[in-house]
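Down below is the structure, laid out as structure tokens.
Since every read-out is calculated from the coordinates, none of them should be taken as a lab result. Note that the structure is predicted; figures quoted are calculated from it, not measured.
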Amino acid sequence: MGDSSSSSSASYIRMVQHLIEKCLLFHMSKEECVEALSKHANIKPVITATVWAELEKENTEFFEAYSKNREESVMEMRTMQMIRTMLTRMASRDPDEDED
């Protein structure tokens with residue numbers, strides 16, 4: 001009986017790992033992934049966080065690169081948003097207004 005239980009636990013962990021990999025494809029942070037799997041797949045946050053931590057241990061270089069890439073993407077998105085905001089403000093400005 002113990003075999004069946006450990007087999008189903010391993011299967012469950014593989015499923016959580018697979019779902020985490022899907023989160024990674026969507027460039028989600030650990031926190032976003034934990035929240036998404038809790039909300040949409042009914043997986044307890046502690047399970048997702050534990051599996052994520054094990055994946056990080058086994059794939060240190062990947063997660064370091066992933067984290068760096070995510071940070072760069074966030075900065076890029078913020079920059080784009082600032083540019084859009086500036087352009088919108090400039091476009092909505094009265095052209096006859098003084099540019100002091």
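A few remarks follow.
- Counted residue by residue at 0.36 nm each, then reduced by the alpha carbon distance between them, the extension gain from ARG14 to MET77 reaches 19.4 nm.
- Between region 31-69 and region 12-26, the Cα center-to-center distance that results, in Å: 8
- Note on the chain: Lys pairs 8 or more places apart or on different chains, Cα atoms under 19 Å apart, count 10.
- Only one of [x] 16.7; [y] 17.7; [z] 22.8 was calculated from the structure for Kirkwood radius over Cα pairs in Å, and its label is [x].
- Mean residue ellipticity, 222 nm, helices only, the chain: the sum of -39500 (n - 2.57) across DSSP H runs of n ≥ 4, divided by residue count and rounded to 500, is -28500 deg cm²/dmol.
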